[in-house]
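One structure is given here, and the rest of the page talks about it.
The values are calculated or read from the model by the stated rules, or taken from the named source; none is laboratory data. The structure displayed is predicted, hence computed values, not measured ones. Here the Cβ is made from the backbone with ideal geometry for all residues, glycine too, and neighbour counts use every protein chain on show.
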Amino acid sequence: MGQNNVHVVGTGTIGEPLIGILSVMKQQLGIDRVSFHKATARLTDRPKVRALVSKGALLASTPDTLDAFKKMGLEPQLTHTDAVAEARVIIDCTPVGNDNKEQLYKQYDDGSRVFIAQGSEFGFGKPYARGINDSVLSRGDDRFIQVVSCNTHNIAVLLKTIAGVNGGPGMLDNARFVCMRRASDISQSGSFVPGPEVGRHDDETFGTHHARDAVHLFRTLGHDLDLFSSAMKLNTQYMHAIHFAIKLNRPTNVEEVIRRLRDERRVSVTEKKSASQVFSFGRDHGIYGRILNQTVVSLPTLAVRRSNEVFGFCFTPQDGNSLLSSLSVAMWHMHPTGWDDRMRHLREYCFSEI
């Protein structure tokens, strides 16, 4: 097993930029080798694979797809199973992370590797969001970690910042969130909706998985919060947006809320009210089109009612927060000392204001 090899499974919305970031920042992040697995050999994906290989990442395939990649003019450098065996960090960016855990990852039980899955894979392992529950990561014990979804990151940092939920429940009484999700990523041609589409409340306690996942995230810190979320899809490919209603157990005002938001480096504030303008900023100034903040709060939308109810709208920075948390776990596992210092190379993509 290579000392600091990273293997990424999947080349989709999160996988592709993650492979790129790991490859171009390999030296700064202290990585020896980056490899990636692509499950299917499609001609339409050939330019993407070639671009990732040109950045120094190694293509891995299964024996079943080896010939198909070769016919496309692509030469896999190793098998998927060898790449997993030789890596210290395996980041699964597929919607079947739990299946992959049962079929492959569980075989590696010597504690030398960490496996990371993304937000959709509830139950994969300990839920994690950078800047929220770093303190509960246990080296050697936490072999499977679930980086929570981008909207759950957003909810978590709002609770930390506005309600002071961190070392304790802070000022929080309860909170309600409406997650207005983009229909699909700009890289996707399917799953678009012709108009706003409302979602069901599948969980009688939490509404949707967004609040449920946030509750489980904070439970790792010993807190049990009163959260409820709703979700809907909008016919846009720009960004998710969230309406939040956070009730505190003590008085506050808009000026105090803004001060707290500006003091949190993982929060970006903006005078903008348009997702297209915030998205455009990320495209022009982010890394792979992403800003790495946890949330972008629209300051003109903030309101305080009855002195303790905080309302507002914010935008979820595409998948930037999930990317940052995935990179954070990789650094934590590979570099027992100074791992957080490695993350400084990514701070220029966290913006205090947009």
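The lone criterion from (1) within 26 Å of Ser184 (Cβ to Cβ); (2) over 15 Å from the mean Cα position of the chain (by Cα) left unmet by Val147 is number (2). Looking across Arg130, Arg139, one residue alone is surrounded by 19 or more Cβ atoms within 10 Å (Cβ to Cβ), assigned by TED's automatic domain parsing to the domain that holds Ala39 and basic (Lys, Arg). It is Arg130. Residues in region 51-84 that are in contact with a strand residue (DSSP E or B) (Cβ under 9 Å, 6 or more places away or on another chain), among the hydrophobic types (A, V, I, L, M, F, W, C) and not in a strand (DSSP E or B): Leu52, Val53, Ala57, Leu66, Ala68, Phe69, Leu74, Ala83, Val84.
Is it the case that region 297-318 has a residue that's assigned to a helix (DSSP H, G or I) and under 21 Å from the mean Cα position of the chain (by Cα)? Within region 297-318, not a single residue is assigned to a helix (DSSP H, G or I) and under 21 Å from the mean Cα position of the chain (by Cα). Can you tell me which residue is farthest from Phe351 (Cα to Cα) among those in region 245-254 that are under 29 Å from the mean Cα position of the chain (by Cα) and surrounded by fewer than 17 Cβ atoms within 10 Å (Cβ to Cβ)? Within region 245-254, the match that is farthest from Phe351 (Cα to Cα) is Ala245. Within region 87-98, being in a loop (DSSP other than H, G, I, E, B) and either of a type in the set (A, V, I, L, M) or surrounded by 17 or more Cβ atoms within 10 Å (Cβ to Cβ) (or both) holds for Ala87, Arg88, Cys93, Thr94, Val96. If you check Ser35, Ser23 for being of a type outside the set (A, V, I, L, M, F, W, C), farther than 21 Å from Arg290 by Cα and within 26 Å of the chain's Cα centre (by Cα), only one passes: Ser35. Scanning region 255-282 for residues that are among the charged types (D, E, K, R), under 21 Å from the mean Cα position of the chain (by Cα) and either surrounded by fewer than 16 Cβ atoms within 10 Å (Cβ to Cβ) or part of a strand (DSSP E or B) (or both) yields one hit, Arg265.
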